[in-house]
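Here is the structure we will look at.
What follows draws every value from the coordinates through simple rules; no lab data is involved. Bear in mind the structure is a predicted one, so any value in this text is a computation, not a measurement. Cβ: placed from backbone, ideal geometry, glycine included. Neighbour counts: every protein chain shown.
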């Protein structure tokens, strides 16, 4: 079936099919496999809308073009093709930098607590052993162990410091970036063992007497942080290397933290993992193990590529969420307008119905009011006529007329003496 609509927007196709052609599916190139995957996910709203507007064949062709250009396979190529989908606003970039800086502080505190807890644990163990020896000699009941009390506080602090409760926010935090903990732990444990082997090989070449004195006969006998302590005490400094920018003391502390992070299972951001790899590469270079420098450098580049891929995916998710929220906000404004209009229409119609009800009541009382007015007028006229009748004599003379034979007053107000005498 041929579609009469214009070709679909590649950006829309990418957004709709990004979650379909990911992982192994991003390597699909054959039309049959592409069609099968699209039909498998056609119930998704975005995909069904595309198929409804165009058709399956058109969408398959558009998807195949993006697949052949490796747009689904590489977010870097997708960002080049659709930069607006991956860009962060200045505000979002500032938020990301702030979150990464805060994460770095928390990680440093967690490592410091872990080291302090280990140090206090060692001191407490020595103290407890001394107390036990003393009690054994004196055969007295053992007092409450001070070691347990000393150890409890740092461990609690360590547990508290390792859990970073997220501040309540309106959106789920996507930054800083973290690798899955299993992957981070496996990488750092491998890096620790690799560096311990490098340090042991250097020790056999440079300070064999130290190994003999300590009884270190294999790489597994010495932890990485012990090597950094020994290197810091060497009288002859390491040869300068222009590729190593970090001061020696700071570099050795960072390398020791690789061990602390791996042993104490401290989660660090992807940026922190990359820094560990950089410092491990610098230490291998400092100790002259060029083969392992290349090995660590390869791990660093691959880890960095995976991290950047994850970062672009997070930026894409954030950008898509922002678009979705903007659309929802516009819909809310539209719904609010519809709601206001509906309320205004209700009020207008309510007033109309009130007026109509008033007219009905007025019409209902109009006949009664008219008859009542007629009755009142009739009664008033009757009363007037009765009043007028009462004022007239039997012959119809007005009883109120004072003039005539009954008038016994003289014009000057005195009674007629003749009338009175008679």
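With the cut-off at 1.5 for a/c, could you classify the range 276-320 from its C-alpha gyration tensor as rounded, prolate or oblate?
prolate
Calculated FRET efficiency, residue 189 and residue 334, Cβ-Cβ r, R0 56 Å, to nearest 0.05?
With a Förster radius of 56 Å, E is 0.55.
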